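A.B. asks: Quick one: the structure is below, questions incoming.
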Amino acid sequence: MATLVGIAGITGKFASFILGNLLAQPNVDVRGYCRNSSKLREDLRSSSRVSIVEGDASDLDALRRFAKGCDVVICCYLGDDTLMKDGQKLLVDACEIENVPRYIASDYCLDFTKLEYGQHPAKDPMKHVKAHLETKKKVKGVHILIGVFMETFWSPYFGVFDAEECKLSYYGNGDEIWESTTYGTAAQYTAAVALDRSATGVFHFLGDRKNIHQIAEEFAEVYGKKPRLERRGSLENLYTTMQEIFRKDPSNIYGYLALFYQYYCTNGQTYLKKDLHNAQYPDVNPVTFKAFMQSRTPQGLSGAYENPGSK
Ligand SMILES: NC(=O)c1ccc[n+]([C@@H]2O[C@H](COP(=O)([O-])OP(=O)(O)OC[C@H]3O[C@@H](n4cnc5c(N)ncnc54)[C@H](OP(=O)(O)O)[C@@H]3O)[C@@H](O)[C@H]2O)c1
Ligand SMILES: *[C@@H]1O[C@H](CO)[C@@H](O)[C@H](O)[C@H]1NC(C)=O
């Protein structure tokens, strides 16, 4: 019998990579959960191996219909705290009721387990979901940690790379390591973990680890042009700035979120383990910073976030 993998939030960017990887395997069927399947690509929606349950994240009956019979559920939600915390907890409850053995949480980020509640507001829901999973008897939690998505790192929104000025900005000494993985690599690992029935707990996967000077050097090797490096201040300056913006208006998420990511990506608190789990899935060939650059123009680097699948 084919393995049935449930993907919640199947219309999202990361989900579409996972779906592609799963459909490349024999004997795997996928059941998607979403609000409106018309967003899903027609060829995927009409695939005989893909079925869809439509419903709201707060609809336990629909969530149970989705979860029933799944060998594993992968969550790919991205949204506000209500979705990430309450929405995921209800999905976990549906998995428990329907005897789904494993739940892969919508984490795919730095090591949030090392954060205290309140330190990085966007990561609190993940800590709540992990704690909620630990109360369950049947469904086992799986957490996939990958650092920052490479597409996100290069995006204008993140505030490190300025394509127009060919500039990389940073806080700290410049020797702080950035841990990063592409959507594609992270999805390959997630699909591999989903199909590995023995895989439970926290997984650490990375495409690359480099400091900003090394990234700039590789940029120069690939594009023949050295980016300007701009030091914005110390990590303490960054911390003060982001806390000021946050305290002034916690609803101004776009004003501070990228700064929180920059801070916690490089301050050392949330690094992944030295010994990664990459070697457990040797079929995956992780994309490095350099390989990522080699497949794109400098402008394409900053636009990769919009459309992570394209060059
Ligand atoms: N480490 C990093 O740098 C980084 C960066 C980005 C994302 N991520 C992680 O990657 C994962 C997926 O991100 P993504 O880029 O693929 O996000 P995305 O493309 O925005 O997809 C988000 C998904 O969540 C669904 N969703 C949003 N609000 C919803 C709601 N209220 N009710 C039900 N479904 C809702 C969307 O469905 P609709 O189509 O119905 O809107 C969509 O399927 C998340 O775990 C996120 O934390 C990590
Ligand atoms: C789904 O989206 C399509 C296209 O935007 C729209 O026509 C349709 O009414 C939506 N369906 C539901 C159930 O909301």
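Results for (1) modelled with pLDDT of 95 or more; (2) out of contact with any strand residue (DSSP E or B) (no Cβ under 6 Å at 6 or more places or on another chain), shown as yes or no for each residue.
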| site | (1), (2) |
| --- | --- |
| Phe14 | yes, yes |
| Asn21 | yes, yes |
| Asn27 | yes, yes |
| Ser46 | no, yes |
| Val50 | yes, no |
| Glu54 | yes, yes |
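A.B. asks: So, one more: Considering (1) farther than 23 Å from Pro308 by Cα; (2) in a helix (DSSP H, G or I); (3) among the polar types (S, T, N, Q), say which one Gln188 fails and leave the rest.
C.D. replies: In the conditions (1) farther than 23 Å from Pro308 by Cα; (2) in a helix (DSSP H, G or I); (3) among the polar types (S, T, N, Q), Gln188 misses (1) alone.
A.B. asks: Another question, if that's okay. Collect the residues in the range 172-195 that are among the aromatic types (Phe, Trp, Tyr) and either more than 23 Å from the chain's Cα centre (by Cα) or open to solvent by less than 10 Å² (accessible area, probe 1.4 Å) (or both), keeping them in residue-number order.
C.D. replies: Matches in the range 172-195: Tyr189 only.
A.B. asks: Considering the range 275-300 alone, what residues qualify as being outside any helix (DSSP H, G or I) and either out of contact with any strand residue (DSSP E or B) (no Cβ under 9 Å at 6 or more places or on another chain) or polar (S, T, N, Q) (or both)?
C.D. replies: Tyr281, Pro282, Asp283, Val284, Asn285, Thr288, Ser295, Arg296, Thr297
A.B. asks: Select, from Tyr103, Tyr170, the only residue that is part of a strand (DSSP E or B) and free of Cβ contacts under 8 Å to residues at least 40 places away in the same chain.
C.D. replies: Checking each option against the conditions leaves just Tyr103.
A.B. asks: Search the range 77-100 for residues being without any contact (Cβ under 8 Å) to a residue 60 or more places away in the chain and in a loop (DSSP other than H, G, I, E, B), and hand back the single one that is surrounded by the most Cβ atoms within 10 Å (Cβ to Cβ).
C.D. replies: Glu98
A.B. asks: Which residue, of Ile18, Ile10, Ile74, Ile52, is within 16 Å of ligand 2 (Cβ to nearest atom) and crowded, with 24+ Cβ neighbours inside 10 Å?
C.D. replies: Sole residue among the options that is within 16 Å of ligand 2 (Cβ to nearest atom) and crowded, with 24+ Cβ neighbours inside 10 Å: Ile10.
A.B. asks: Does Lys127 satisfy being touching a helix residue (DSSP H, G or I) at 6+ places or on another chain (Cβ under 7 Å), away from ligand 1 (no atom under 11 Å from the Cβ), open to solvent by 40 Å² or more (accessible area, probe 1.4 Å) and not acidic (Asp, Glu)?
C.D. replies: No, not satisfied.
A.B. asks: Mind listing whichever residues of the range 213-236 are part of a helix (DSSP H, G or I) and of a type outside the set (Phe, Trp, Tyr)? Walk me through it before giving the result.
C.D. replies: First pass over the range 213-236, keeping only residues part of a helix (DSSP H, G or I): 213-223, 235-236.
Answer for the range 213-236, where residues must be part of a helix (DSSP H, G or I) and of a type outside the set (Phe, Trp, Tyr): His213, Gln214, Ile215, Ala216, Glu217, Glu218, Ala220, Glu221, Val222, Leu235, Glu236.
A.B. asks: Oh, and also: Do we find that Asn252 is of a type in the set (S, T, N, Q) and at pLDDT below 95 in this structure?
C.D. replies: yes
A.B. asks: Starting from the range 122-134, take each residue that is closer than 14 Å to Leu110 by Cα and list its partners that are among the small types (Gly, Ala, Ser) and surrounded by 19 or more Cβ atoms within 10 Å (Cβ to Cβ), counting only C-beta distances under 8 angstrom and pairs at least six apart or across chains.
C.D. replies: Close Cβ pairs satisfying both conditions: Met126/Ala105; Met126/Ser106.
A.B. asks: Right, something else. Does Arg41 satisfy being at pLDDT below 95 and either within 16 Å of ligand 2 (Cβ to nearest atom) or of a type in the set (Val, Ile, Thr) (or both)?
C.D. replies: yes
A.B. asks: Can I ask one more? So, in the range 147-167, of the ones that are in a loop (DSSP other than H, G, I, E, B) and within 17 Å of Cys265 (Cβ to Cβ), which residue ends up nearest to ligand 1 (Cβ to nearest atom)?
C.D. replies: For the range 147-167, the residue satisfying everything is Gly147.
A.B. asks: Which one is nearest to ligand 1 (Cβ to nearest atom) among residues in the range 74-122 that are over 19 Å from Ala199 (Cβ atoms) and of a type in the set (Ser, Thr, Tyr)?
C.D. replies: Tyr77
A.B. asks: Let me ask another. Considering the range 24-38 alone, what residues qualify as being more than 16 Å from ligand 2 (Cβ to nearest atom) and surrounded by 16 or more Cβ atoms within 10 Å (Cβ to Cβ)?
C.D. replies: Residues of the range 24-38 more than 16 Å from ligand 2 (Cβ to nearest atom): 24-31.
Selection gives Val28, Asp29, Val30, Arg31.
The values are calculated or read from the model by the stated rules, or taken from the named source; none is laboratory data. Keep in mind that what you see is a predicted model, and the values were worked out from it rather than measured. Positions of Cβ are backbone-derived with ideal geometry, glycine not excepted, and every protein chain shown enters the neighbour counts. Keep in mind that these areas ignore ligands, DNA and RNA; they rest on the heavy atoms of the full protein, side chains included. Shrake-Rupley method; radii C 1.70, N 1.55, O 1.52, S 1.80 Å.
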